[in-house]
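Reading through the structure tokens given below for one structure.
Only the coordinates and a few stated rules stand behind these numbers; no lab work does. Quick caveat: nothing in here was measured; it's all calculated off a predicted structure. For neighbour counting, all protein chains shown are included, and Cβ atoms are generated from backbone atoms with ideal geometry for every residue, glycine included.
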């Protein structure tokens, strides 16, 4: 699959404004995991807003891809400086979207390759597994570790998630590592 066109559609703060037709792929992960950079890398365009400050994605952001499907950037979780009230609001927004979207085809759970999955990452994986949502685990920031050590980092993540390392895709926005695999998964999920 090749992405030839991408455009921002809308942002929502309430599930009652959710787009609920067509085909969507959602991206979820901790606030500092690099979701926006990941999306920008997939579309080869700086469309999703990136920041060095965690917790900038506070709404559900929709992007129209190739005039035929959408990428959905969900708020990051685990950003404690945002305050408990905002954290709970974002968690509810994520949960409501995942529970109610009829357009959702696959969730991409992003984790930072350099760190063990957090309790919230494990809870998200448990939710996706329990709810039988199709998902793919992506280990971002693979360019931040030595290439020879990537498999070691994947093993650590896999042990924490109780899965096999081969079920995690290492990804680098800088090097394009994993991009073709992700785009292939998206194409096959439509």
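Let's test the formula: R0 of 30 Å, r as the Cβ-Cβ distance of residue 91 and residue 149. What FRET efficiency results, to the nearest 0.05?
Step by step, r from the Cβ atoms, then E = 0.35.
Per residue, how big is the convex hull of the chain when only Cα atoms are used? Give it in Å³.
Taking only Cα atoms, the chain has a hull volume of 109 Å³ per residue.
GNM remark for the chain: springs join alpha carbons under 10 Å apart, and the peak mean-square fluctuation among 146, 103, 48 falls on 146. Between residue 16 and residue 119, the FRET efficiency from the beta-carbon distance, with R0 = 25 Å, is close to 0.25. Per-residue extension of 0.36 nm, minus the Cα-Cα distance of residue 159 and residue 102, leaves a gain of 17.3 nm for this segment. Treating r as the C-beta distance of residue 130 and residue 59 and R0 as 22 Å, the FRET efficiency rounds to 0.30. Mean residue ellipticity, 222 nm, helices only, the chain: the sum of -39500 (n - 2.57) across DSSP H runs of n ≥ 4, divided by residue count and rounded to 500, is -10000 deg cm²/dmol. In plain terms, the residue of 130, 153, 8 with the fewest other Cβ atoms within 10 Å comes first and the most crowded comes last, giving 130, 8, 153. Mark the label point 7 Å from the Cα of residue 175 along Cα→Cβ and return the residues of region 131-163 whose backbone N is within less than 16 Å of it. Those under the cut-off are 139-155.
Measuring nothing but alpha carbons in region 90-169 and taking Rh as the Kirkwood radius, the Rg to Rh ratio lands at 1.00. Packing, taken as the mean count of other beta carbons within 10 Å per residue, orders the peptides 62-68, 159-165, 112-118 from highest to lowest as 112-118, 62-68, 159-165. Full extension of the chain between residue 9 and residue 23 yields a length gain of 3.6 nm, computed as 0.36 nm times the residue separation minus the alpha carbon distance.
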